[in-house]
1. Once every Cα of the range A:1-80 carries one equal point scatterer and solvent is ignored, give the base-10 log of I(q)/I(0) from the Debye formula at q = 0.13, 0.16, 0.24, 0.25 Å⁻¹, two decimals.
2. Using alpha-carbon pairs under 8 Å, 6+ residues apart, how would you state the relative contact order of the range A:71-147 in percent?
3. Taking +1 at the Cβ of each Lys and Arg and -1 at the Cβ of each Asp and Glu, which of A:Trp181, A:Ala14, A:Ile42 sits farthest along the dipole of chain A towards its positive end, judged by Cα position relative to the Cα centre?
4. Looking at the square roots a ≥ b ≥ c of the eigenvalues of the Cα gyration tensor of the range A:119-191, which shape do they give, rounded for a/c under 1.5, prolate if a/b is larger than b/c, or oblate?
5. Could you please state, rounded to a whole Å, how far the C-alpha centre of the range A:1-31 is from the C-alpha centre of the range A:32-51?
6. Within straight cross-link reach of A:Lys22, meaning Cα distance under 30 Å, which lysines are found once same-chain residues fewer than 8 apart are removed?
7. For chain A, report the convex hull volume of the alpha-carbon atoms normalised per residue, in Å³, without decimals.
8. Which residues make up the longest stretch of chain A clear of GluC sites (Glu not before Pro) that lie in a DSSP loop with no more than 16 other Cβ atoms within 10 Å, not counting the sites?
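Laboratory data are not the source of any read-out in this text; all were calculated from the coordinates shown. Computed from a predicted model, the values in this text were never measured in an experiment. Cβ placement follows ideal geometry from the backbone for every residue including glycine, while neighbour counts extend to all protein chains displayed.
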Amino acid sequence: MNIFRLAGDMTHLASVLVLLLKIHTIKSCAGVSLKTQELYAIVFATRYLDIFTSFYSIYNTLMKLVFLGSSFSIVLYMKYHKTVHRSYDREQDTFRHWFLVLPCLLLALLIHEKFTFLEVLWTFSLYLEAVAILPQLVLLQRTRNIDNLTGQYVFLLGGYRGLYILNWIYRYFTEPHFVHWITWISGLVQTLLYADFFFYYSQSWKNNKKLQLPA
Amino acid sequence: EETENAHDEL
């Protein structure tokens with residue numbers, strides 16, 4: 001494990017904690033896209049099936065359990081917790097997210113490293129993760145008042161992907177057989193989707209103003 | 001030899 005990956009994982013963990021803090025402590029999910037959260041739950045459920053088949057490290061297994069548990073509990077909170085559910089921006093969160101699932105599945109069936117059940121699902125999870133943030137970005141654009149926690153959540157999530165790219169560059173040069181085009185391209189696409197958000201986030205930070213995305 | 005897979009990542 002290199003420093004970029006550890007930093008990436010920790011940033012990812014921090015993003016989840018920020019979101020849980022908002023939902024659990026403030027009992028609000030205003031500005032948070034349930035569609036994106038549902039997609040992440042599917043992403044982790046399909047990617048981490050290898051919990052049952054292979055063991056890498058205690059760290060690896062623990063983190064997988066944390067991401068699985070947190071993504072499903074966030075979805076359940078938003079759907080079924082009375083107070084949290086009331087703060088959900090249902091009218092604004094209208095992205096047709098299920099339309100992302102089928103193309104990702106088809107793409108995974110066509111383009112993968114190995115044609116096995118677990119490998120195709122794993123590839124599907126990479127493609128889906130790349131686009132899972134879209135409903136959240138659309139919702140942010142429609143939300144007039146983006147609160148700090150929601151902004152930080154998206155910023156940390158984007159930061160995690162950026163750090164993973166550095167990790168892949170590092171691994172490419174230090175591990176002789178580490179070449180994974182599918183992972184890299186979907187990771188790059190995912191990071192690029194944040195470019196616009198990062199720009200406005202840094203502007204608001206620099207000018208010490210509230211974050212607002214142009215319509 | 002086999003390519004090291006990326007499954008050790010999260």
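1. With one equal scatterer per Cα and no solvent, log10 I(q)/I(0) is -0.44, -0.65, -1.20, -1.25.
2. 29 percent
3. About the Cα centre, the residue reaching furthest to the positive side is A:Ala14.
4. Oblate is the answer for the range A:119-191, as a/c is 1.5 or above yet b/c matches or exceeds a/b.
5. 15 Å
6. The qualifying lysines are A:Lys35, A:Lys64, A:Lys79, A:Lys82, A:Lys206, A:Lys209, A:Lys210.
7. Per-residue hull volume (Cα only) is 130 Å³.
8. By the stated rule (loop sites, at most 16 other Cβ atoms within 10 Å), A:114-215.
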